[in-house]
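Q: A single structure is presented below for examination.
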Amino acid sequence: MPSHGQGRPCVITRRATFSASHLYCLPELDGEQNRARFGPCSIAPGHGHNYELVVAMAGPLDADGMVLNLSDVKHAIRSEVTAQLDFRFLNDTWPEFDLSLPGGCLPTTEALALAIWRRLAPHLPVVGLRLFEQSNLWADLLADSMEAFLSIRTHFAAAHRLARPELSQGENEEIYGKCARPHGHGHNYLLDVTVRGSIDSRTGMVCDLAALQQLVQDLVVEPFDHTFLNKDVAFFADCVPTAENIALHIADLLQGPIAEIGAKLHKVRLQESPNNAAEVFAESPRLEMVPAALEALVAG
């Protein structure tokens with residue numbers, strides 16, 4: 001009797017962790033130039049992170065009901081990645097990060113993710129990879145290419161009231177419920193901004209990370225934090241500040257400035273509460289890109 005599911009496609013994920021340190025300092029720049037470019041990340045002897053890796057793999061189920069034997073997956077990730085990187089100084093560990101070589105680049109999150117992909121691909125059917133440097137910074141790959149997705153996370157606190165001015169209080173309460181109460185209510189918003197771009201062959205970066213973080217701080221966090229959105233942010237004077245509308249407005253604010261620093265805004269995710277979130281994809285055609293792999297990484 002044939003095994004249930006044999007031959008049908010499935011995506012699986014495996015999570016692994018390692019601790020490592022790195023330093024952002026290019027030999028062709030002097031000390032002042034490195035500090036201006038990379039900030040505290042250029043301070044010797046470097047700094048460390050507890051990295052978290054999620055690997056998505058795909059294939060048909062075998063007669064045993066598995067895409068891959070998990071023991072084999074665990075061994076491949078350990079031998080090719082974590083055993084080589086754990087408690088190491090990344091700049092000196094793999095040749096990709098040897099800056100004395102023509103192809104050497106800095107061991108950024110996105111460059112490290114690509115190097116990990118290329119070591120795992122001969123052993124596992126990798127379709128997606130996510131690498132967390134810390135909880136508010138991570139990179140995603142969906143192919144063995146110099147293109148990556150880089151995400152940063154930040155937060156702000158704000159109040160809002162959901163109500164359409166042309167409707168009565170009763171009509172607004174029918175639509176928005178308690179959220180239409182006259183004095184509003186507040187949230188601790190969690191904001192994820194994802195950009196897409198090519199990994200620079202020398203800096204290892206999709207874009208200037210410090211510049212990206214500063215853009216989000218200046219254009220979103222500073223003007224939105226500790227405000228009553230309906231009254232303190234002009235855009236919401238005549239636009240109901242639902243999570244969806246706030247996320248859309250943030251995407252509109254960021255898209256042009258992010259393009260100016262060399263990346264493309266891919267997605268804005270705004271979490272209003274543990275139960276509610278809105279996502280805006282700034283480049284809709286990219287939704288056609290291996291969505292199963294990306295969803296697996298998010299859930300993994």
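Q: Those residues that are closer than 25 Å to residue 182 by Cβ and in contact with a Cys (Cβ under 7 Å, 6 or more places away or on another chain), I need them from the range 214-261; list them, please.
A: 245
Q: What is the number of the single condition among (1) touching a residue at least 60 places away in the same chain (Cβ under 8 Å); (2) exposed (fewer than 12 other Cβ atoms within 10 Å of the Cβ); (3) under 22 Å from residue 129 (Cα atoms) that residue 100 does not meet?
A: Unmet for residue 100, out of (1) touching a residue at least 60 places away in the same chain (Cβ under 8 Å); (2) exposed (fewer than 12 other Cβ atoms within 10 Å of the Cβ); (3) under 22 Å from residue 129 (Cα atoms): (3).
Q: In the list 113, 139, 158, 148, which residue meets the criterion of being closer than 30 Å to residue 183 by Cα, touching a Leu at 6+ places or on another chain (Cβ under 7 Å) and of a type in the set (Gly, Ala, Ser)?
A: Unique residue meeting the criteria: 158.
Q: Still on this model: For the range 30-43, which positions are open to solvent by 50 Å² or more (accessible area, probe 1.4 Å) and either of a type outside the set (Lys, Arg) or touching a helix residue (DSSP H, G or I) at 6+ places or on another chain (Cβ under 6 Å) (or both)?
A: 30, 32, 33, 35, 36, 40, 43
Q: If you don't mind, there's one more thing I want to ask. Being under 18 Å from residue 139 (Cβ atoms), open to solvent by less than 20 Å² (accessible area, probe 1.4 Å) and touching an Asp or Glu at 6+ places or on another chain (Cβ under 8 Å) narrows it down to one residue among 193, 206; which is it?
A: Result: 206 is the single residue among 193, 206 that is under 18 Å from residue 139 (Cβ atoms), open to solvent by less than 20 Å² (accessible area, probe 1.4 Å) and touching an Asp or Glu at 6+ places or on another chain (Cβ under 8 Å).
Q: Please go through (1) hydrophobic (A, V, I, L, M, F, W, C); (2) out of contact with any Asp or Glu (no Cβ under 7 Å at 6 or more places or on another chain); (3) open to solvent by less than 20 Å² (accessible area, probe 1.4 Å) for residue 139 and return the number of the only condition it doesn't satisfy.
A: Result: residue 139 passes all but (2).
So that you can scan it fast, the table gives a plain yes or no per residue for (1) surrounded by 20 or more Cβ atoms within 10 Å (Cβ to Cβ); (2) among the aromatic types (Phe, Trp, Tyr); (3) out of contact with any helix residue (DSSP H, G or I) (no Cβ under 6 Å at 6 or more places or on another chain); (4) over 22 Å from residue 80 (Cβ atoms):
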site	(1), (2), (3), (4)
106	yes, no, yes, no
112	yes, no, yes, no
127	yes, no, no, no
135	no, no, yes, yes
155	no, no, yes, yes
159	no, no, yes, yes
186	no, no, yes, yes
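Q: Could you say whether any residue in the range 117-129 is within 17 Å of the chain's Cα centre (by Cα), over 30 Å from residue 184 (Cβ atoms), part of a helix (DSSP H, G or I) and not polar (S, T, N, Q)?
A: The answer is yes; a qualifying residue exists.
Q: Quick one: in the range 220-248, which of the residues that are in a loop (DSSP other than H, G, I, E, B) and touching a residue at least 60 places away in the same chain (Cβ under 8 Å) is most open to solvent (accessible area, probe 1.4 Å)?
A: If we take residues in the range 220-248 being in a loop (DSSP other than H, G, I, E, B) and touching a residue at least 60 places away in the same chain (Cβ under 8 Å), then 226 is most open to solvent (accessible area, probe 1.4 Å).
Q: Still on this structure, I have one more. Does residue 148 satisfy being of a type outside the set (Phe, Trp, Tyr), crowded, with 22+ Cβ neighbours inside 10 Å and either in contact with a strand residue (DSSP E or B) (Cβ under 8 Å, 6 or more places away or on another chain) or in a strand (DSSP E or B) (or both)?
A: In short, yes.
Q: Out of 165, 241, report the one residue that is modelled with pLDDT under 95 and farther than 30 Å from residue 36 by Cβ. Spell out the reasoning first.
A: Working: 241 fails: modelled with pLDDT under 95.
Criteria check complete, one pass: 165.
Q: Quick check on my filter: what residues within the range 140-150 are free of Cβ contacts under 8 Å to residues at least 60 places away in the same chain and more than 11 Å from residue 127 (Cα to Cα)?
A: Within the range 140-150, 145, 146, 147, 148 meet the criteria.
Q: Of all residues in the range 1-16, how many are within 30 Å of residue 100 (Cβ to Cβ) and open to solvent by 90 Å² or more (accessible area, probe 1.4 Å)?
A: Residues meeting the conditions: 0.
Q: Tell me, please, whether a residue that is closer than 24 Å to residue 202 by Cβ and either part of a strand (DSSP E or B) or open to solvent by less than 10 Å² (accessible area, probe 1.4 Å) (or both) can be found in the range 58-80.
A: no
Q: Kindly list, by first and then second residue, each pair from a residue in the range 191-209 that is free of Cβ contacts under 8 Å to residues at least 40 places away in the same chain to a residue that is open to solvent by 40 Å² or more (accessible area, probe 1.4 Å) and among the small types (Gly, Ala, Ser), limited to pairs with Cβ atoms under 8 Å and residues at least 6 apart or on different chains.
A: none
The values are calculated or read from the model by the stated rules, or taken from the named source; none is laboratory data. Remember, it's a predicted structure, so these values are computed and weren't measured experimentally. We place every Cβ from the backbone using ideal geometry, glycine too, and count neighbours over all the protein chains shown. Only protein heavy atoms, including side chains, enter the accessible area calculation; ligands, DNA and RNA are left aside. Shrake-Rupley method; radii C 1.70, N 1.55, O 1.52, S 1.80 Å.
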